[in-house]
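Some notes on the structure that comes next.
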Amino acid sequence: MKRDNGADRKRRRLGSRLRLARCKKRLPQKFWLVAFCARSSKGRRCRSQSKNAVWSRPACIRHHGYPKQQFRHVKSPRVSSIDISEDGKSLNIFWEDEHKSQFHAIWLRHNCHCPSCRLDHNGMKSSIAEDIDLDIRLIGAEIEDNEILLLRWQHSNGHTHDGPIPLAWLRIRCRSPAAEAERTQARAMVFHEDKVIPEIEYEDVINSDLGLYEWMCHLGDRGICLVKNCPLVDGTVAKVAERIAPLQHTIYGETFEVKSMPQPINAAYSPVSLASHMDQIMYECAPGLQLLHCLQFDSYIVGGENTFTDIFELAHQLREERPDYFDTLTRVPVTMSTIHYNRDYPVHMTCKRPMLALNGNGELITIYWHPMLAEIDAVEENIEPFFEAYKHFYLMVQNSQSVYKLRMVDGDMITFNNRRVLHGRAPYCNQRGLRLFQGTYLELSEFQSRLQVFHNLYGDGRLASRVGMADWQ
Amino acid sequence: MLVPILCTFRAKLGALGKTCCKMRTIIFYCRRLTPLSTPRLYSPDFHSSSTDEKELKVDIIAEVSGSHLEGIKKRGFYLDDIYQHVKGDGVKDLKIVEDGKHLQITWEDGHVSRFYSMWLRHNCHCGVCLPHTSTVLVNFSKIDENIKVTSAKMDGDNVIVIGWTGETGEEKYHEGPLLTKFLRYHCYSDAADKQRREQRAMRFYDDKTIPELEYKDVISSDEALYKWLLALSERGICLIKNVPSEKEHVLKAAERIAPVQHTIYGNTFEVETSPDPIPENAAHTRIGLDLHMDQIHYESPPGLQLLHCVKFDECIQGGENFFVDMHEVAQKFKEEEPELFYTLTRIPSTANTVDYKRARPAHVRIQRPLITINHKDEIVSVLWQPMLIAPLQVPEKDVEAFYKAYGKFYSLVHTYKSMYVHRLRPGDMISFNNRRISHGRRAYTDNGHRLLQGCYINASEFQSKVQMFHNKYGGGKWPVRNGAIDWQ
């Protein structure tokens, strides 16, 4: 097959014996229908395999949507040695930096990167049930040019399969205790004793990717950042938010205004104080980032300051001080609801789940906290212990002194992670003057995606730390 | 009509402050004067005072005009749409039991509810605790966690007035009304809970005929819209026929339910064969697609999916769609292979879309179990997209166990005979619950044009609409679970 020039796809040059090929252009189309739809393992080898080699090598390998930007931060993908265990069920890789990895044969087979196993569409798989053979064994392994691991498996029915996997790809997926500890540490939220809100200029966020990255790093790290000197123009909050991702729509619209009004549909639209809370936790996926742009906040209005509390920090504290209360809150589900028919867009949204959620390793991954929306409909046997735990935590949240405080001025835009940092507001007198904010939300999946991309493009390729999603990573 | 508010100012602001300090209570009317009944005497502080010189305390108490029931109605808390369906809320007997810890209500139909004192206090419907719609303003820091119910009496047929006494905590006594309708609706006894769960449980049908509706009916009438919602809620799939061929109709139909859910493929997306040899998604080719749910890499994957067939030439061979109810399969899996089933609820799998070549690069990843059960061992969510499954990231000891369970479930899905099958025709719009029904497509030939336009609706928004329509048109029943990660 002819070598592809790769100019349009910036692929890395591989060794002389491996050829890049635009398989789809070279092979008849029916091959691809057969390759992807056939249920026989025999039809799954690439056509170009040489019969003279120790085993057939696939003629093409692509990074299948895993771009080199992901790999450039991977340290030491060079390998000292590899060996297959006696029973063929696992492969050990010894890296040059003395790290050791072990991979299971089934897992390797499931992640084979050959074109018949991995579609060329952002890494999507086309593997089928037959590949998941619990008695599969590895019978051959070879390193190609220090970049690719070539493997041969034997299924329990005697058929063999050959396929490549990039070494750098394997390194970042190593599951050894050392790698696991590193990953856990990278993902863990970091808490800061000083509660000073980081600041950034509007111009930097809007005009430069590095400014955008700095902003997102603050949001990922502390969960809060103040964007200063925003123009006092309607729609600025949407413009800033869209630097990260398209807006997250909620029952309050694409953007919403926070100001005091008669017959408010929400307590926020009145001058009362608001206890610390997260917005709209009745959604399966509650709003992620929240941006609030201060369009007007007359200086003679008394009150109306905002406070922000890192509830993950408090929950970790609760876990240390009262593990029994912590356990109750992770176990007993409660309903969060917004039921309101008498509005332009009637709503009857409810969602029931525990307020604190853990992953499989017992790490706290997500919290839902909005005392004003909680129905507390636990069943009888749980209700007393629940209220005891709930009240204790409620008091911790209300009385916490380690909070961010802010009185916004015209042109400020406070941006925070609604799923990590609670916001509250002191009451204010709205007899004279206007306090008007415009706000919007962004989904956490989108934010985390963007942050991870930027860590790979502009940063050191680290894993994005947890942001409070219901995600077990 | 607005709520008159009772405010107390203690502002130290010079002349204005002095005047305010003299007047302990100032009553404001937002729009027109309304005669006051006995004002509430208690005014809990909502916020601890700041040590700032300009100390301001604003206590707002919503006034009740007339009886308790009228006051609750005026503040918008008598939820007609829901309560019209609540039956058997006549109270036969009220009893304070366990030294004030519980209030026991015997209803006219024999049902017995027991409410915990703190639960009742948390749901007090007085103007202080519930001055605004949708939000509870009870301040826990003032309330004794061992608060006792010390009095309970009927005020007419619809309201119970309860008195609570606390020993510790700032609030020593509080009195407030609760609606009998509210209490009956929210009863959390085992019997009431069981009844709710029975209504919420999904039902599976042997007959796999896709229900059909006309587009013009769905667009123009609430009755047809409700039929559509019912089909989507109870079966998870519905075909809308005779949709005009212009492209914006999929949006128009979707917005009858809720605003569309945006994803990395935009607000709407097109499914057709791409000239690019490496398109961004496998769907933009002619290959067959195995059963899957879309975009499970999102924390809240798309709820409803609508696909409008704009063009599908008759001469094309293949391209039929097939659909399998994943909850049905998961239920069968639970019955036949319980150990493997629970493995899939315990060991998480990762889903991702990593594509740096797009106009806006995406690196969306999430890890969670494929099947989620609630505290009552009921299946609430099944996520299925083998093509987006990222490499398993679990401890070594779990790898084999996972693959054993996954392989078995995979086989079950792929050999499941009971499926909906349909070849779309131009003018068809297939709508289905992407969190319940997985969809697939057969490969098709290159001799014509096949173009579908699609969009998604958020699962929470969909469920909200169904619940509302049940209350408006459907006798107030609870909506069937829709596959969202919700433990109800």
Can you give the FRET efficiency for A:ASN342 and A:GLU203, using 1/(1 + (r/R0)^6), R0 = 41 Å, r = Cβ-Cβ distance, to the nearest 0.05? 0.45
Mind jotting down the distance between the C-alpha centroids of the stretch B:315-337 and the stretch B:380-449, whole Å? 7 Å
Taking a label point 7 Å from the Cα of A:HIS192 along Cα-to-Cβ, the residues of the stretch A:225-253 whose backbone nitrogen sits under 15 Å from it are A:225-228
Distance between the C-alpha centers of the stretch A:346-360 and the stretch B:208-279? Whole Å please. 27 Å
A student applying the Cα gyration tensor rule (rounded when a/c is under 1.5; otherwise prolate if a/b is larger than b/c, oblate if not) would label the stretch A:165-220 oblate
What does the C-alpha gyration tensor say about the overall shape of the stretch B:64-188? Classify as rounded when a/c is under 1.5, otherwise prolate if a/b is larger than b/c, or oblate. oblate
Sorted by Cβ density within 10 Å, fewest first, the residues B:ILE437, A:ILE197: A:ILE197, B:ILE437
Percent relative contact order of the stretch B:292-372, based on C-alpha pairs within less than 8 angstrom and at least six residues apart? 29 percent
Measuring from centroid to centroid over Cα atoms, what is the spacing of the stretch A:160-184 and the stretch B:459-488 in Å? 43 Å
Per-residue average of other protein chain Cβ atoms inside 10 Å, peptide A:341-347 -> 5
Around A:LYS89, under 10 Å between beta carbons, what's the net of Lys plus Arg minus Asp minus Glu among the other residues? -3
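Laboratory data are not the source of any read-out in this text; all were calculated from the coordinates shown. Computed from a predicted structure; not experimentally measured. FYI the Cβ positions are ideal-geometry reconstructions off the backbone, even for glycines, and counts take in every protein chain you see.
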